[in-house]
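Okay, structure first, notes after.
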Amino acid sequence: MVEIGQVSLVIAALVAAYAALASFLGAGLRMTDLSTSGRYAAYSLPLLLAAPTVSLVNAFVGRDFSVRYVAENSNLAMPNAYTWVAMYAGNAGSLLFLALVLAVTSAIALRGLSRRMPHTTAYASGILMLALTFFMVIILGFANPLERLPITPADGQGINPLLVHFGMFIHPPVQMTGLVMVSVPFSIAMGAMMAGRGGRDEWVDQGRLWGMITWLVLTVGLMLGAWWAYTILGWGGYWAWDPVENSALMPWLAMTAFVHSIMVQKRRGMFRMWNIVLIITAFTLAQMGMFINRGGPVPSVHSFAQSSMGWLFLSFMTFTLLASLAAFWWRAGTLKSREGLDSILSRESVFLTQNVLFLAVALVTLWGTVFPIFSEAAQDETVTVGAPFFNRVNGPLILTLVVLMGVGPLLPWRRASRANVVNALKYPVAAGVAAAAVLMLLGIGRPVAVTAFSVCAMVVTGILSEWVRGTMSRRRSGEPTPLAFGRLLLRNRPRYGGYVVHLAIVMLAVGAIGSSFYSVQRDMVLRPGDTGNLDGYSFRYLGVEKTFFADRVEEVAELVVYSGGSRLGTMRPFRAFYPDFRIASTRGAIRSTPAEDFYIVPSEFDEDGRAVFRVLVNPLVWWMWASGPLLFVGVVFGLWPQRRPAAETLTARALAQAARA
Amino acid sequence: MNSGPSPSHDRGRQSGHAAFRWYARAAAALICLAAACASQDDVPPLEQRAQALNRTIMCPVCPGESLDQSQHVLASQMRAVVDEKLAEGRSDESIREFFVERYGPSVLMEPPGRGATALVWIVPPLGAVAAAAGLFLVLRSMRRAGPAAPNRSPANPLSDRERESYFRRIESAMADPGRDERG
């Protein structure tokens with residue numbers, strides 16, 4: 001089985017190289033048959049890469065330690081369920097997973113493209129297959145997951161204990177899929193541009209579709225990662241501006257700018273060059289993410305797959321960046337805007353400002369992340385750029401972005417008069433001020449947090465007032481309220497889907513603000529029978545149960561928790577110590593309500609019965625996790641294909657009515 | 001005009017009441033949520049200071065984790081040192097300095113604003129100012145390019161080609177009037 005996989009890997013590498021070459025040559029020499037053969041070659045790759053993937057998973061499930069990668073990343077003590085996903089616990093397997101995902105998404109995207117834009121498709125297929133060839137070269141030359149060991153060991157080395165968690169099944173695949181999928185919208189945009197069709201905007205629908213899907217996958221990946229860190233890292237937080245977290249955030253930021261800016265091109269034929277710049281940035285940052293994650297130039301708590309392959313990623317990143325810029329230079333003449341800006345006070349200019357801010361956050365994050373490398377090289381001084389830096393510099397930028405999220409959708413395209421602006425913003429601003437006043441009255445007076453909450457109130461009011469206004473105007477034409485509301489949403493899905501996503505982002509922001517400014521934390525030493533108190537909760541420590549496993553010692557604490565005199569129940573946080581890795585993996589016990597999370601996690605158990613607990617009350621965190629499903633619904637709603645009257649038909653109808661009158 | 005309360009008026013008032021009740025409920029729920037942020041603050045001030053301090057100091061042996069985050073033994077020992085020194089009445093700055101002397105400047109989560117390292121702080125605001133200036137210039141030049149591009153004066157609202165295409169569309173729409181109702 002392993003041998004079949006190995007042979008298939010080699011064939012896949014050759015086919016990918018052929019597909020890249022044939023697509024580019026066929027596109028450049030205008031030989032359609034050649035480029036089509038390249039595309040058909042690309043269609044075969046999902047299958048060719050499925051074979052090595054299946055044989056690797058099979059080797060893990062069958063605990064075949066004669067395969068080096070299996071021996072290095074699993075052992076007999078590993079629970080059976082995890083053998084199915086251990087393939088992406090290390091480097092070589094993650095690369096195979098990335099290659100498989102790239103092959104599958106490429107095939108789907110190319111199939112959709114080829115019917116609509118044959119010229120673009122040839123270049124897009126060349127770009128995607130070039131990226132895949134790069135992965136294949138690394139896999140075969142530097143990190144082959146199916147390589148055999150000369151002697152089969154009796155047991156494997158196991159995986160990092162922090163990975164033995166339910167999150168392992170969902171976060172890594174989603175995150176990696178998101179990062180690698182950035183190449184799809186990139187290839188569509190670059191393909192259209194290289195084919196000389198960047199000025200025709202026909203690529204925009206496909207670019208937006210794949211851009212949004214990629215954005216959604218990246219968002220879900222980031223949220224799952226944050227949730228995982230929250231439950232396992234044992235300090236009660238979910239985001240620490242760690243280099244690996246940053247490297248996943250940066251492409252997300254660039255993609256967020258892209259999915260907004262692409263709407264301006266769709267609606268107004270503007271920002272054609274800018275969109276190309278954004279997608280090149282996103283693609284470069286996605287590769288940067290893989291470089292930081294794989295190469296590990298900066299110490300991170302999430303580096304599970306250290307390797308010396310960073311330089312390969314860095315070289316490929318430099319190559320694609322230079323090649324993209326050269327192509328951009330070559331084709332810039334075809335990317336003139338259809339229209340100019342009518343007024344600075346317009347939705348277009350808010351979009352552009354928002355784009356610049358998103359890039360600013362991405363660049364600040366990049367700057368802070370790589371500064372230690374420069375500092376060490378230039379002045380031989382190691383410095384750390386940690387969370388306080390990012391909070392201080394990115395905080396204000398992100399808050400401004402949330403403000404723009406409230407303002408942008410309320411402004412009309414083209415030109416807004418002063419009266420428009422006043423009219424659109426009066427209720428939202430009033431709500432923001434009212435929210436600030438109420439918070440001050442309640443005594444929740446931290447200026448930064450109150451400002452942030454009041455901005456959230458402004459955004460929500462803006463969105464809801466749009467919905468109310470739209471529903472009212474439909475009701476006036478005789479539709480009952482629920483029908484009017486439903487039709488309002490259904491008739492312009494991209495717009496209302498976008499509003500739903502914005503609401504989800506506000507929920508996320510509320511959770512982040514609440515938990516970062518108002519969290520209450522204590523480290524407490526308790527003996528069995530002792531009771532601790534924090535912020536209205538009291539908890540009695542009953543004792544600890546110690547269990548020995550082959551690879552770990554598990555200590556499960558039992559506590560009874562009360563709030564306001566009523567018994568909430570028993571909580572069982574635990575700590576598992578893995579002697580082979582000298583790592584303790586903790587699992588906090590969390591009681592979550594929309595108002596606040598009660599979080600307790602053991603950090604030490606002494607022999608004399610004392611236990612050290614970290615106890616937190618984290619307000620509003622629930623809203624962060626709850627925003628995920630809403631965001632998902634919003635994106636899917638916004639992307640759901642819609643047969644709707646084209647803009648021309650509406651104009652024609654209006655003119656026809658005018659003619660009749 | 002009808003002088004009595006019209007049915008539609010009545011319905012309006014009823015839905016007004018319902019809406020008011022709904023608003024009141026929503027506001028009450030929001031205030032409950034906000035109240036979660038109003039902590040009863042039973043963390044002693046010295047411990048609060050220790051937590052804040054722990055978040056600005058790295059655990060030297062754990063990649064990318066602060067003292068506050070880390071589960072490592074060294075981190076918990078260092079936390080104990082922080083507590084001890086705070087109890088002695090030392091200032092936050094002197095405690096940070098104590099760790100810098102032992103572990104070097106990389107023990108601080110926030111890079112110091114001195115020497116070449118100050119660059120890390122200076123570049124972002126300069127970049128922000130440059131980006132804002134660039135954005136303003138781009139928007140202005142785009143606006144100047146704007147009105148010149150399409151040839152639309154009030155006397156000639158459409159170009160000949162545009163007018164022709166509109167007429168074609170009108171004709172097709174009239175030939176198939178139900179076309180845009182199917183959406």
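The values are calculated or read from the model by the stated rules, or taken from the named source; none is laboratory data. Because the structure is a prediction, the values reported are computed rather than measured. Don't worry about glycine lacking a Cβ; one is built from the backbone with ideal geometry, like all the others, and counts go over all protein chains shown. Accessible surface is based on the protein model in full, side chains and every heavy atom, while ligands, DNA and RNA are left aside. Shrake-Rupley method; radii C 1.70, N 1.55, O 1.52, S 1.80 Å.
Odds and ends about this structure:
- For region A:595-616, filtered to residues that are facing chain B (nearest Cβ under 9 Å) and under 13 Å from A:Ser515 (Cβ atoms), the residue that is surrounded by the most Cβ atoms within 10 Å (Cβ to Cβ) is A:Glu596.
- In region A:529-555, the qualifying residues are those that are open to solvent by less than 60 Å² (accessible area, probe 1.4 Å) and aliphatic (A, V, I, L, M), and the one that is nearest to A:Phe598 (Cα to Cα) is A:Leu534.
- Listed conditions (1) at pLDDT 90 or above; (2) surrounded by fewer than 23 Cβ atoms within 10 Å (Cβ to Cβ); (3) part of a loop (DSSP other than H, G, I, E, B) are all met by A:Pro145, apart from (2).
- The listed residues are A:Tyr562, A:Tyr537, and the only one of them that is touching a residue at least 40 places away in the same chain (Cβ under 8 Å) and out of contact with any His (no Cβ under 8 Å at 6 or more places or on another chain) turns out to be A:Tyr537.
- Within region B:28-67, considering residues that are open to solvent by 50 Å² or more (accessible area, probe 1.4 Å) and acidic (Asp, Glu), the one nearest to A:Gly511 (Cα to Cα): B:Asp41
- Within region A:207-235, no residue that is in the same structural domain as A:Ala107 (by TED's automatic domain parsing) sits with its Cβ atom under 8 Å from a residue that is in a helix (DSSP H, G or I) and open to solvent by 20 Å² or more (accessible area, probe 1.4 Å) at 6+ positions apart or across chains.
- Taken as a whole, the structure places A:Leu401 among residues that are within 19 Å of the chain's Cα centre (by Cα) and either at pLDDT below 85 or more than 12 Å from chain B (Cβ to nearest Cβ) (or both).
- Every residue from region A:71-86 that is assigned to a helix (DSSP H, G or I) and surrounded by fewer than 24 Cβ atoms within 10 Å (Cβ to Cβ): A:Ala71, A:Glu72, A:Asn80, A:Ala81, A:Tyr82, A:Thr83
- Any chance A:Ala51 is open to solvent by less than 50 Å² (accessible area, probe 1.4 Å) and closer than 25 Å to A:Phe291 by Cα: no
- Meeting the requirement of 2 or more residues that are within 30 Å of the chain's Cα centre (by Cα) and closer than 18 Å to A:Trp228 by Cα, the strands (runs of 3 or more DSSP E) wholly within region A:532-611 are A:574-578, A:583-587, A:589-592, A:596-605.
- Test set (1) surrounded by fewer than 20 Cβ atoms within 10 Å (Cβ to Cβ); (2) assigned to a helix (DSSP H, G or I) - A:Val501 fails condition number: (1)
- Of all the numbered requirements in (1) modelled with pLDDT of 90 or more; (2) surrounded by 13 or more Cβ atoms within 10 Å (Cβ to Cβ); (3) not assigned by TED's automatic domain parsing to the domain that holds B:Arg55, B:Asp83 misses one, and that requirement is (3).
- Residue match in region A:159-174 (condition: on the phi > 0 side of the Ramachandran plot, at pLDDT below 90 and out of contact with any Lys or Arg (no Cβ under 9 Å at 6 or more places or on another chain)): no
- Inspection of region A:571-579 finds a residue satisfying the criterion of being open to solvent by 60 Å² or more (accessible area, probe 1.4 Å), in contact with an Asp or Glu (Cβ under 9 Å, 6 or more places away or on another chain) and within 13 Å of chain B (Cβ to nearest Cβ).
- Filter result for the condition that a residue is within 20 Å of A:Asp551 (Cβ to Cβ) and either in contact with a helix residue (DSSP H, G or I) (Cβ under 8 Å, 6 or more places away or on another chain) or not aromatic (Phe, Trp, Tyr) (or both), over A:Val57, A:Val61, A:Val10, A:Val15: A:Val61
- Against the conditions (1) closer than 19 Å to A:Val612 by Cβ; (2) modelled with pLDDT of 90 or more; (3) in a strand (DSSP E or B), A:Gly529 satisfies every one except (3).
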